[in-house]
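**Q** Take a look at the following structure, please.
Just so you know, all these numbers are worked out from the coordinates, no wet-lab data involved. In this text the structure is predicted, and so the values were computed from the model without any measurement.
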Amino acid sequence: MTNETKIIPLANSSKGFISVTTLDEPYGKGSDTVASIAICLNGADIEWKVHIPLANLDDVITSLQAIKK
């Protein structure tokens with residue numbers, strides 16, 4: 001799997017960003033790949049991070065789209 005990282009500027013922040021990538025075997029050999037979403041407020045330190053199993057990704061995307069409406 002390709003682990004390309006997407007960096008998104010964080011709205012209402014001068015240095016902050018959202019980082020989106022995949023992590024292979026994040027919990028040790030044989031563990032499933034996850035989507036990793038991190039928030040950085042100051043441009044250097046990660047303040048929040050979430051790992052979403054790829055099997056749950058469609059439901060999470062649908063839920064986020066519903067919030068936006």
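**Q** What list of whole percents do you get for P(r) of the chain, with Cα-Cα distances grouped in 10 Å bins up to the one holding the largest distance?
**A** Going from the shortest bin to the longest, the percentages are 20, 43, 32, 5.
**Q** If you line up the long axis of helix 57-68 against the longest principal axis of the chain, both from Cα atoms, how many degrees apart are they, to the nearest 10?
**A** 30
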